[in-house]
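The values are calculated or read from the model by the stated rules, or taken from the named source; none is laboratory data. These figures come from a predicted structure and were not determined experimentally. All Cβ positions, glycine included, derive from the backbone under ideal geometry; neighbour counts span all protein chains shown. Each accessible area value is taken on the protein alone, full model and side chains, heavy atoms only, with ligands, DNA and RNA left out. Shrake-Rupley method; radii C 1.70, N 1.55, O 1.52, S 1.80 Å.
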Amino acid sequence: MTAEDYLDDIDELEALEEEPQADGQLYEHFRFEADRGQVPTRVDKFLLEHLQHSSRSRIQKAAEAGMIHVNGSPVKSNYKVRPSDVVTLMMDRPRHDDTIEPEDIPLQVVYEDDALMVIDKPAGMVVHPGCGNHHGTLVNAIAWHLRNLASYDPNDPEVGLVHRIDKDTSGLLVVAKTPEAKSILGKQFYNKTTHRSYNALVWANFTEDSGRIEGNIGRDPRDRLRMEVFSPESGIGKPAVTHYRVMERFGYTTLVECVLETGRTHQIRAHMKHIGHPLFCDERYGGTEILRGERSSTYKAFIQNCFKLCPRQALHARTLGFVHPTTGQQMDFSSELPADMEALISKWRAFIAGTRRDI
């Protein structure tokens with residue numbers, strides 16, 4: 001397993017939600033040939049196994065639209081794939097050119113040497129090009145920063161980002177400049193020898209000072225843009241463990257430190273939602289509802305002002321530690337809370353202290 005296993009796949013089926021093009025022509029996006037020993041299997045199930053980050057309902061939607069073909073002809077979802085069948089996913093638009101081009105976008109570089117660089121990403125920046133975000137990403141900015149480094153090809157998967165954080169999460173990321181560095185760093189992430197901690201403001205008060213959350217993380221079958229927590233015995237999703245420690249209590253919210261053993265998509269957001277503590281202002285996981293507190297109009301106005309101060313999930317990748325792939329030296333980095341989270345936490349401190357300034 002390489003570091004690429006930590007990166008999200010781009011689901012081309014998202015394009016089905018866009019406006020169709022008018023020329024009526026279909027373009028091949030994916031092609032899979034069934035093995036000679038293929039057991040007859042419904043085509044929607046067959047594709048679900050090959051498009052791991054899609055959903056069965058979305059694949060069925062593609063079949064209904066005539067976009068799933070077998071041996072050159074459209075088929076329905078219940079078609080049984082047989083040995084040597086060629087299954088293709090067709091779209092009404094050409095596949096987007098995913099070539100990464102350098103773009104002059106400011107970067108906050110915390111550390112850099114010949115093997116790697118550590119970046120402090122602001123909230124709101126997409127990490128990697130994907131559906132709807134083909135430009136203006138962190139990867140495009142890195143390509144510009146390293147444009148004069150002849151050995152660095154931003155389109156080579158053997159170099160570049162070793163891990164990711166969500167668009168609206170701020171904080172530290174490591175980039176490998178060489179294949180050797182990426183391979184060694186990737187193994188550290190896989191073997192869980194790196195150290196990563198996050199600061200998060202979550203809803204509700206913790207009765208305990210620390211704890212451990214364990215639960216597999218996989219796609220929510222009701223909403224493919226959200227992750228769900230499943231029991232380790234279910235066989236659904238991938239194992240995930242998050243450790244948390246209370247840093248400060250504000251009565252109706254709590255500032256916590258989260259330390260990851262694993263690096264699953266939306267891990268902290270899904271795990272905290274699972275134990276009844278959604279991240280503050282995390283719209284996808286219910287954090288933009290007033291989940292704790294008073295019924296007064298004054299309190300509701302206070303919460304709305306908090307949402308305006310930090311209009312994204314209150315999550316920051318605070319620390320990052322790993323062994324340098326060349327020198328063998330332990331490298332530890334820390335990032336200060338960004339201004340929006342600092343302002344949010346200050347407002348809660350004032351509130352809990354009884355001053356209620358600027359409510």
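Per 20 Å bin from zero, what fraction in whole % of the C-alpha pairs of the chain is there, up to the bin with the longest pair?
26, 53, 21, 1
Tell me, what is the percent relative contact order of the chain, built from C-alpha pairs under 8 Å that lie six or more residues apart?
Relative contact order for the chain comes out at 14 percent.
Excluding Thr326 itself, calculate the net charge of residues whose Cβ lies under 10 Å from the Cβ of Thr326, where each Lys or Arg counts +1 and each Asp or Glu counts -1.
So the surrounding residues net to -3.
Past 27 Å, Cα to Cα, is the threshold; run Lys121/Lys308; Lys182/Lys238; Lys273/Lys308; Lys177/Lys273 against it and keep the listed order. Each step should come with its number before you reach the end.
Values: Lys121/Lys308 21 Å; Lys182/Lys238 23 Å; Lys273/Lys308 21 Å; Lys177/Lys273 36 Å.
Exceeds cut-off: Lys177/Lys273.
What distance in nm separates the two pseudo spin-label positions at Ser73 and Glu233, each 7 Å out from Cα along the beta-carbon direction?
With each label placed 7 Å out from Cα toward Cβ, I get 4.8 nm.
Gap in Å between the Cα centre of the range 290-349 and the Cα centre of the range 188-229?
Centre-to-centre (Cα) distance: 16 Å.
Take peptides 302-310, 250-258 and line them up by average Cβ neighbours within 10 Å, highest first, as a rough protection proxy.
Output ranking for 302-310, 250-258: 250-258, 302-310.
Determine one quarter of the surface area of the Cα convex hull of the range 308-359, which equals its mean projected area, and express it in nm² to one decimal.
5.0
Per residue, what accessible area does the range 193-279 have, given a 1.4 Å probe and all protein chains present, in Å²?
I get 42 Å² per residue for this part.
Counting only protein heavy atoms and using a 1.4 Å probe, what share of the accessible area of the chain belongs to carbon plus sulfur, as a whole percent?
The nonpolar share, carbon plus sulfur, comes to 47 percent.
What is the Cα centroid distance between the range 133-180 and the range 55-90, reported in whole angstrom?
35
Any idea of Trp144's accessible area? Nearest 10 Å², probe 1.4 Å.
80
Under 16 Å Cα to Cα from Lys76, which lysines show up? Leave out anything in the same chain fewer than 8 places away.
Within the straight-line cut-off, Lys76 pairs with Lys45, Lys61.
Ordering Asp104, Asp153 from largest to smallest accessible area (1.4 angstrom probe), what's the sequence? Walk me through the intermediate numbers first.
Details: Asp104 115, Asp153 75 Å².
From most exposed to least exposed: Asp104, Asp153.
Defining a contact as two alpha carbons under 8 Å apart and six or more residues distant in sequence, what relative contact order in percent does the range 264-324 show?
Values: 44 pairs, mean separation 17.7, N = 61.
Computed value for the range 264-324: 29 percent relative contact order.
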